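Down below is the structure, laid out as structure tokens.
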Amino acid sequence: MDRGFFLTLKEKHMEARDNNVLELRGETLGTITNQSSAEEIFQNRTLRPILKLQNDLFIQVFINYAVKQKNVFFTLTPDKKMIYIENVIHRDIKFRNSLKGMIIAFFTLDEYAEYIQLSSNLNKRMMNMLIERLKSQIQLIAI
């Protein structure tokens, strides 16, 4: 068999994967206008649906992280818990990269190519959105 045949199979597989990912994620969340920046479009078309899809997993991952950190989080006041969430995601690079990987795993190939071009700004948006999402669900985290 020639090399072109294998490339075609690979392309079909990746196209099917992208379609499955998009179907799992669902629709765009948020408003996109003609004035929207590339980052805003990516945020509403890609990041928000992924964060929504992965929400329950993010909560469990955070709870597991807090338990492994000697349960300190669970003894804090509500205000200090909010600060803790923010600090952990900003300062613990290994944990942050793990969370980022959980998001990037649901990119299509085209979205990943776009992400690479805008990664610095999109990483900030991703983590800020995730922080706000976790903070807004503090009652689910603070078992």
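The values are calculated or read from the model by the stated rules, or taken from the named source; none is laboratory data. Predicted model only: the values in this text are computed from it and were never measured. For neighbour counting, all protein chains shown are included, and Cβ atoms are generated from backbone atoms with ideal geometry for every residue, glycine included.
Output the residues belonging to the stretch 37-60 that are in a helix (DSSP H, G or I) and free of Cβ contacts under 8 Å to residues at least 12 places away in the same chain.
Looking only at the stretch 37-60, we keep the residues that are in a helix (DSSP H, G or I), and these are 38-53, 55-60.
Selection gives GLU40, ILE41, ASP56, GLN60.
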(request) Name the one entry in ASN87, ASN123, ASN97 that is of a type in the set (S, T, N, Q) and either more than 30 Å from GLU11 (Cα to Cα) or outside any helix (DSSP H, G or I) (or both). (result) ASN87
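Restricting the search to the stretch 85-122, which residues are out of contact with any Leu (no Cβ under 8 Å at 6 or more places or on another chain) and of a type in the set (S, T, N, Q)? Explain how you work it out, then say what you get.
Going through the stretch 85-122, the residues out of contact with any Leu (no Cβ under 8 Å at 6 or more places or on another chain) turn out to be 86-88, 90-98, 100-101, 104-105, 107, 109-114, 116-121.
Passing the criteria: ASN87, ASN97, SER98, GLN117, SER119, SER120, ASN121.
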(request) Return the total of residues in the stretch 73-113 being surrounded by 12 or more Cβ atoms within 10 Å (Cβ to Cβ), of a type in the set (A, V, I, L, M, F, W, C) and over 14 Å from the mean Cα position of the chain (by Cα). (result) 8
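Tell me whether the stretch 8-19 contains one or more residues that are surrounded by 12 or more Cβ atoms within 10 Å (Cβ to Cβ) and within 29 Å of HIS90 (Cα to Cα). Break it down into steps so the answer makes sense when it comes.
Keep residues of the stretch 8-19 that are surrounded by 12 or more Cβ atoms within 10 Å (Cβ to Cβ), which gives 14-15, 17-18.
Remaining after also requiring within 29 Å of HIS90 (Cα to Cα): none.
Among the residues of the stretch 8-19, not one is surrounded by 12 or more Cβ atoms within 10 Å (Cβ to Cβ) and within 29 Å of HIS90 (Cα to Cα), which makes the answer no.
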(request) Determine which member of the set ILE103, ILE63 is without any contact (Cβ under 8 Å) to a residue 60 or more places away in the chain and out of contact with any Cys (no Cβ under 7 Å at 6 or more places or on another chain). (result) ILE103
(request) Have a look at LEU57, LEU47 and point out the one that is at pLDDT 95 or above and closer than 15 Å to ILE141 by Cα. (result) LEU57
